[in-house]
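Shown next, in structure tokens, is the structure this report addresses.
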Amino acid sequence: MRPLRETQEPLLRRAQEHALDYLATVEDRAIFPTRDARAALEAFEEPLPEVGAEPLEMLDQLHRLGSPATTAQVGGRYFGFVNGGAHPPAVAARWLADVWDQNVGLGVMSPVCQRLEEVTERWLVDLLHLPAGTAAGFVTGTSIAITCALAAARNELLSRAGWDVAGQGLFGAPPLRVVVGEEAHVAVFRSLSILGLGRERVEIVPSDDQGRLRPERLPALDDRTLVVAQAGNVNSGAFDPMRPICEAARAAGAWVHVDGAFGLWAGASRRAFPMYDGVQLADSWSVDAHKTLNAPYDCGIVLCRDRRALVAALSAQASYLLETGGREGLATTPDMSRRGRVVDLWATLKTLGRRGVERLVDQLCERAWQCADRLRDHGFEVPNEVVFNQVLVAFRDQPTVDALLRELTDSGECWCGSAVWRGRPVVRISVCSARTTREDIERTVAAFVAARERIEGPLAPEATTEGTNGHGR
Ligand SMILES: *Cc1c(COP(=O)(O)O)cnc(C)c1O
């Protein structure tokens, strides 16, 4: 056998070459892959090789076919979903950690990742103003983070009622109540259904015109109630009024979970803090580092005020699982084996620092305001108060939205998603990459204007000057 370094070196160098080539061109090409690039993916359709391919050829094929068929998410004009970019130092740290190939389930499997999880947990609690001692679990994304947090909430509320869910399941358990805002994210309902809490059994609280849960419409809460609030509506970016929700829940002994997939990072911004305030009174939180923070995928975090409740809900015991007495990665996640994704997150926080995270959050908001202002200048209707990084553009009907999105995509200039916002078809612009410059916003607005010109006629969008009321600044 050749030494490890010799076998890896040509591969890592080739991967690096292709990666650098990718980065050199990605900002100059269509944001969504061209028809030709997508058609070329057909070449991946081959039977499982009987005999393994030559590794360098595999890398070449991956770059030749794969790179052009990616969405240019690491550039500045991808505005789909709430996807975020990739902070370059974190990508580099991740490469190194990939070579380490650590399993973070137990401290004995990776002392370095155990230590980085301890440190990063403390940094997050500090940065987001959460209660001292809050536990973090490093998971794939917010969907899993919500599921873990709601499992802790469910088990803890029922344990206080004398019922052991972990041992006895939900069969014959006293009922819990689940209260959610009308605008709760679909991931919340998926978690409720997975956890046996029922996505249809919820008590739904009406929202206001920005999608904020109306606290005065909360039902009477009690100590068998789980409340799910939202820091950052996936369409409007709006935050539920956290303080009244959390105070009402606390007074009643209810549990509050905050879904803050992209919005929880507002806690790092002094400007955004008034909207965030009260979040720290909740019992559990879910957030993605791969969205607003621009850590690479996949990087979600579950946070729980009561470490014991989270650990109890996710616990696994077997004699071969040797515990070190320190933090054990598998205690706060549903996985046993997982990669050291904390390295990516640690590297992001280490190189941005508190001030860098604040600047990033503020920059995304400023670009969103710029985008909304410039679109309104051109007669587009922005129906949401732009309080964070989300900008909606309303059109009179779905065919207009579809036609506009097709034009935008074909222009190669930007990529946006769509949604139905309070009954109206909208284009969604989610400003969540650190790479997005003022110029990127100007190019994007110009692309909107050009796209509208191309579809004018029977599908002309409303050119209205209504809706120019405040941006929530
Ligand atoms: C993205 C998002 C989720 C789901 O997070 P994943 O990381 O995709 O699992 C949940 N809630 C909100 C508000 C989101 O924006």
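Can you tell me how many residues in the range 163-195 are without any contact (Cβ under 8 Å) to a residue 40 or more places away in the chain, more than 14 Å from A229 (Cα to Cα) and part of a loop (DSSP other than H, G, I, E, B)?
7
Hey, among the residues in the range 122-162 that are more than 16 Å from the ligand (Cβ to nearest atom) and hydroxyl-bearing (S, T, Y), which one's farthest from V227 (Cα to Cα)?
Among those that are more than 16 Å from the ligand (Cβ to nearest atom) and hydroxyl-bearing (S, T, Y), it is T134.
Determine whether G167 is within 16 Å of the ligand (Cβ to nearest atom) and on the phi < 0 side of the Ramachandran plot.
So G167 fails the test.
Condition first: farther than 18 Å from D298 by Cβ, more than 16 Å from the ligand (Cβ to nearest atom) and modelled with pLDDT of 95 or more. Now tell me which residues in the range 67-87 satisfy that.
S67, P68, A69, A72, G76, R77
Kindly indicate the residue of the range 297-311 that is outside any helix (DSSP H, G or I) and among the β-branched types (V, I, T) and also farthest from the chain's Cα centre (by Cα) among those meeting that condition.
That would be V302.
Could you pull out the residue among Q114, Q61 that is part of a helix (DSSP H, G or I), among the polar types (S, T, N, Q) and over 22 Å from E9 (Cα atoms)?
Q114
Residue-wise test of (1) in a loop (DSSP other than H, G, I, E, B); (2) within 16 Å of the ligand (Cβ to nearest atom).
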site	(1), (2)
S286	no, yes
A295	yes, yes
A313	no, no
Y320	yes, no
S337	yes, no
R355	no, no
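Tell me the residue from A261, A229 that is outside any strand (DSSP E or B), within 16 Å of the ligand (Cβ to nearest atom) and under 23 Å from D126 (Cα atoms), please.
On inspection, the qualifying residue turns out to be A261.
For A152, state whether it is among the hydrophobic types (A, V, I, L, M, F, W, C), touching a residue at least 40 places away in the same chain (Cβ under 8 Å) and in a loop (DSSP other than H, G, I, E, B).
No; evaluated as a whole, the condition is false for this residue.
Looking at D283, D288, D277, which is the one that is within 26 Å of D344 (Cβ to Cβ), touching a residue at least 12 places away in the same chain (Cβ under 8 Å), out of contact with any His (no Cβ under 6 Å at 6 or more places or on another chain) and acidic (D, E)?
Only one candidate passes the filter, namely D288.
Might you check whether a residue that is surrounded by 19 or more Cβ atoms within 10 Å (Cβ to Cβ) and in contact with a Cys (Cβ under 8 Å, 6 or more places away or on another chain) occurs anywhere in the range 161-179?
no
What's the total number of residues in the range 9-50 that are surrounded by 13 or more Cβ atoms within 10 Å (Cβ to Cβ) and among the polar types (S, T, N, Q)?
1
Within the range 255-265, can you find the residues that are aliphatic (A, V, I, L, M) and either free of Cβ contacts under 8 Å to residues at least 40 places away in the same chain or closer than 13 Å to V188 by Cβ (or both)?
V256, V258, A261
Out of (1) within 14 Å of the ligand (Cβ to nearest atom); (2) farther than 23 Å from G80 by Cα, what's the single condition that is false for A220?
It fails just one condition, (1).
Being part of a loop (DSSP other than H, G, I, E, B) and in contact with a helix residue (DSSP H, G or I) (Cβ under 8 Å, 6 or more places away or on another chain) is the filter; apply it to the range 202-220 and report the residue that is surrounded by the fewest Cβ atoms within 10 Å (Cβ to Cβ).
So, considering only residues that are part of a loop (DSSP other than H, G, I, E, B) and in contact with a helix residue (DSSP H, G or I) (Cβ under 8 Å, 6 or more places away or on another chain), the one surrounded by the fewest Cβ atoms within 10 Å (Cβ to Cβ) is A220.
In the range 232-258, how many are more than 10 Å from the ligand (Cβ to nearest atom), closer than 27 Å to V427 by Cβ and of a type in the set (V, I, T)?
Of the residues in the range 232-258, 0 are more than 10 Å from the ligand (Cβ to nearest atom), closer than 27 Å to V427 by Cβ and of a type in the set (V, I, T).
Based on this model, can you work out whether S269 counts as away from the ligand (no atom under 16 Å from the Cβ), at pLDDT 95 or above and within 19 Å of S430 (Cα to Cα)?
It is true that S269 is away from the ligand (no atom under 16 Å from the Cβ), at pLDDT 95 or above and within 19 Å of S430 (Cα to Cα).
In the range 185-204, what residues are more than 17 Å from A153 (Cβ to Cβ) and more than 16 Å from the ligand (Cβ to nearest atom)?
E200, I204
The values are calculated or read from the model by the stated rules, or taken from the named source; none is laboratory data. Predicted model, so just to flag it, every value in this text is computed and none were measured. As a convention, Cβ positions derive from the backbone with ideal geometry for all residues, glycine included, and neighbour counts pool all protein chains shown.
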